Amino acid sequence: MGGSVKRMHRLIMLSDAYRMSGDATDSQLEKDPDNRLLTRFAMRRKTVEEIRDSLLQLDGSLDLTIGGALTSGTGTDNEFSDARKSMHPDNTKRRTLYLQLRRSNLATLLSLFDFGDATTSGENREQTNVAPQALYMMNSKFVAEQARALDERIRKEAGTDARAKIDRAYRLLFARSPDPEEVKIGLEYVASGTKAWPRYLQALLGSGEFSSVN
């Protein structure tokens with residue numbers, strides 16, 4: 001490949017193994033229960049960076065500016081002052097990659113969703129599945145704001161028809177159409193009034209399917 005990273009990425013991403021679905025037949029599950037033979041795509045949860053950036057991308061507010069620092073100053077003078085604490089993720093639209101971090105003062109969102117240990121080096125991150133993660137998606141002001149922004153986008157794109165809005169939501173969040181049972185549940189929930197839509201969308205944002213790559 002002549003040392004071209006782009007060509008290597010293209011080769012990997014166009015391979016059959018990379019493009020496999022996470023769905024599996026009964027025969028595949030029986031013959032390869034642990035997916036050691038790569039008979040299907042192994043579902044994984046998104047990293048905290050991917051989850052936050054995906055939420056911001058829903059209404060187009062994610063700042064895709066490349067490079068640059070979000071704080072001023074260099075060196076270690078006043079290292080433990082308030083001015084050098086970790087930047088709160090809710091205070092910027094920049095990609096999570098560019099958030100100002102201090103190892104001893106990680107933002108709650110980062111530590112909650114298994115951000116890498118900032119004090120030691122390692123080849124991977126631990127991954128947990130605990131109740132506070134789901135509670136964050138249910139109760140976070142940031143997630144609620146993104147759900148309302150998503151509601152506005154869907155109303156502009158799909159109009160006022162409830163079925164069309166549900167279908168649009170599933171296509172935006174999960175890249176698929178909802179099945180009949182999902183449509184039924186959605187229609188029953190949003191029938192209580194317009195204020196139900198942001199709550200319904202926030203429930204979808206809190207689903208495992210949104211926070212996973214499959």
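Where a number appears in this text, it was derived from the coordinates with a stated rule and is not lab data. Predicted, not measured: the structure shown is a model, and the values here were computed from it. Positions of Cβ are backbone-derived with ideal geometry, glycine not excepted, and every protein chain shown enters the neighbour counts.
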Checked against the positive end of the charge dipole of the chain (+1 on Cβ of Lys and Arg, -1 on Cβ of Asp and Glu, about the Cα centre), the farthest of 96, 24, 134 is 96
When all Cα-Cα pair distances of region 105-201 are considered, the percent exceeding 22 Å is 45
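Can you pull out the GluC sites (Glu not before Pro) in region 81-166 that DSSP calls coil and that have at most 15 other Cβ atoms within 10 Å?
Passing sites in region 81-166 are 123, 126.
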Across 60, 116, 193, the residue with the highest GNM fluctuation in the chain (Cα network, 10 Å cutoff) is 193
When the chain is treated as a Gaussian network with springs between alpha carbons less than 10 Å apart, the largest mean-square fluctuation among 16, 59, 151 is found at 16
Counting lysine pairs in the chain that sit 8 or more positions apart or on different chains, with Cα atoms under 20 Å apart, gives 9
CD proxy, 222 nm, the chain: helix-only mean residue ellipticity via -39,500 (n - 2.57) per DSSP H run with n ≥ 4, per residue, nearest 500, stands at -12500 deg cm²/dmol
Along the dipole axis of the chain (charges at Cβ: +1 for Lys and Arg, -1 for Asp and Glu; origin at the Cα centre), the most positive-end residue among 178, 112, 5 is 5
Largest fluctuation, 109, 56, 97 only, Gaussian network model of the chain with Cα springs under 10 angstrom, belongs to 97
Among (1) 1.06; (2) 1.21; (3) 1.00, the value of Cα Rg over 2.2 N^0.38 Å computed for this structure carries the label (2)
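Please work out the Kirkwood hydrodynamic radius for region 1-73, using every pair of different C-alpha atoms, and report it in angstroms with one decimal place. Each step should come with its number before you reach the end.
Numbers: mean 1/r = 0.0617 Å⁻¹.
Kirkwood hydrodynamic radius for region 1-73: 16.2 Å.
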